[in-house]
Amino acid sequence: MERRALHFVLKIGNRAKNISFFRDLLGMKVLRHEEFNEMCNAQCNGPYDGKWSKTMIGYGPENKNFVLELTYNYGVANYKRGNDLVGIRIESKAAYENVLKNDKDWIFMHKNPESLVLNSPDGYLFEIYNASEEQLPSISKVTLLSSNLDISKNYWHGMLGMNIDNEDVDLFSASYSTKDAKLEFLASKGQAVRHEKAYGRIAFACPEADLAHLQESMIEKNQTILTRLVSLDTPGKATVQVVILADPDGHEICFVGEKGFSELSQVDPNANESIDKAMSDDKSDEWFAKKGIVKETQQ
């Protein structure tokens, strides 16, 4: 069983605005929604110990599609962004046309018949490509900043075994399979890579038996392990095994056991109702307003 790209994690502040952006504007489907009362042992929600939620959203089931994980911490209004995540590419004719229909609502960094570039409600950059009618919509690429392309290539290709798909003077892209979303690295040209509070995480699936070997290999190579092999529980659902790494620029990488993840990631037919109910029940804005307290802003 080969490794495969699963999702990229985005921390979001205003949950309603983000669900509207991804679901209503870009045409993604809510695949599952989960609520948690305590912090994640692998800091899936960041370094926060309060209530939080996870919403998986994308253009199809997680076993065949690269998707997004929207992480919402109750009480946090927004997060300071670094320069670590350059952008995310979407290929969808329907999304392209729908964004154009609503162009008065958005400020575009770029707009032509081939593609649009705009920010999500939390300021993450999205490239929307005008795909052909026959092409299924997809999240096709995540671009991260690299302070040294040779070091990044040695890590992701040499140590993690990804294939180099494309290479140029200022960038390279890699994947485990031609069916995978591409992971692209763009040269920072002297800038330090900054993660700030909005830092994300890319996740890959692999056989459970590979996780311990992967961990030992990275220890032997003196590489950073953020979370050693651990089992994570989701209330009422499957338990998954994970190892969390960080590359030389601090980009976080989660390797998840395929078997447990396959059980966990089944599409929930009630996912839309679950996220809508969670948003309706979320009275944190009212609570903060009554107390005269401004929601925490992560700067």
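Out of everything in segment 265-274 that is outside any helix (DSSP H, G or I) and free of Cβ contacts under 8 Å to residues at least 60 places away in the same chain, what residue ends up being surrounded by the most Cβ atoms within 10 Å (Cβ to Cβ)?
The selected residue is ASN270.
Looking at segment 114-194, what strands (runs of 3 or more DSSP E) fall wholly within it and have at least 2 residues that are within 21 Å of the chain's Cα centre (by Cα), among the hydroxyl-bearing types (Ser, Thr, Tyr) and closer than 24 Å to ILE19 by Cα?
Numbers: elements: 115-119, 125-129, 138-146, 163-167, 171-175, 182-187.
Strands (runs of 3 or more DSSP E) meeting the threshold: 138-146.
Residues checked against (1) at pLDDT 90 or above; (2) among the acidic types (Asp, Glu); (3) farther than 28 Å from ASN14 by Cα; (4) out of contact with any Gly (no Cβ under 8 Å at 6 or more places or on another chain):
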site	(1), (2), (3), (4)
ALA203	yes, no, no, yes
LEU232	no, no, no, yes
PRO235	no, no, no, yes
HIS251	yes, no, no, yes
GLU258	yes, yes, yes, yes
ALA271	yes, no, no, yes
SER280	yes, no, no, yes
TRP287	no, no, no, yes
GLN298	no, no, no, yes
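Could you check how many residues of segment 245-264 are within 29 Å of SER188 (Cα to Cα) and either among the charged types (D, E, K, R) or outside any strand (DSSP E or B) (or both)?
6
Okay, residues lined up against (1) polar (S, T, N, Q); (2) over 25 Å from ILE57 (Cα atoms):
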site: LYS80; (1), (2): no, no
site: ILE90; (1), (2): no, no
site: ASP103; (1), (2): no, no
site: ASN112; (1), (2): yes, yes
site: LYS153; (1), (2): no, yes
site: MET159; (1), (2): no, yes
site: ILE164; (1), (2): no, yes
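List every residue pair whose Cβ atoms sit under 9 Å apart, with the two residues 6 or more apart in sequence or on different chains, where the first one lies in segment 99-116 and is more than 14 Å from LEU25 (Cα to Cα) and the second, anywhere, is at pLDDT below 80 and of a type outside the set (A, V, I, L, M, F, W, C).
If the second residue must be at pLDDT below 80 and of a type outside the set (A, V, I, L, M, F, W, C), the pairs left are LYS111/ASP103.
Yes or no: segment 208-224 includes at least one residue that is part of a strand (DSSP E or B) and not small (Gly, Ala, Ser). Please lay out each step first, then the result.
The first filter runs over segment 208-224 and keeps only residues part of a strand (DSSP E or B), leaving 224.
Now drop any that are not not small (Gly, Ala, Ser), which leaves 224.
Scanning segment 208-224 turns up at least one residue that is part of a strand (DSSP E or B) and not small (Gly, Ala, Ser).
What number of residues within segment 161-197 are out of contact with any Leu (no Cβ under 8 Å at 6 or more places or on another chain), surrounded by fewer than 20 Cβ atoms within 10 Å (Cβ to Cβ) and either small (Gly, Ala, Ser) or closer than 27 Å to HIS213 by Cβ (or both)?
So the answer is 11.
Quick check on segment 131-152. Is at least one of its residues out of contact with any Asp or Glu (no Cβ under 6 Å at 6 or more places or on another chain), surrounded by fewer than 17 Cβ atoms within 10 Å (Cβ to Cβ) and at positive phi?
no
Within segment 82-98, can you find the residues that are within 21 Å of MET28 (Cβ to Cβ) and under 15 Å from the mean Cα position of the chain (by Cα)? Break it down into steps so the answer makes sense when it comes.
Taking segment 82-98 and keeping what is within 21 Å of MET28 (Cβ to Cβ), we get 85-98.
Those that are within 21 Å of MET28 (Cβ to Cβ) and under 15 Å from the mean Cα position of the chain (by Cα): LEU85, VAL86, GLY87, ILE88, ARG89, ILE90.
The values are calculated or read from the model by the stated rules, or taken from the named source; none is laboratory data. Predicted model, so just to flag it, every value in this text is computed and none were measured. Methodologically, a virtual Cβ is constructed for each residue, glycine included, from the backbone with ideal geometry; neighbour enumeration extends over all protein chains shown.
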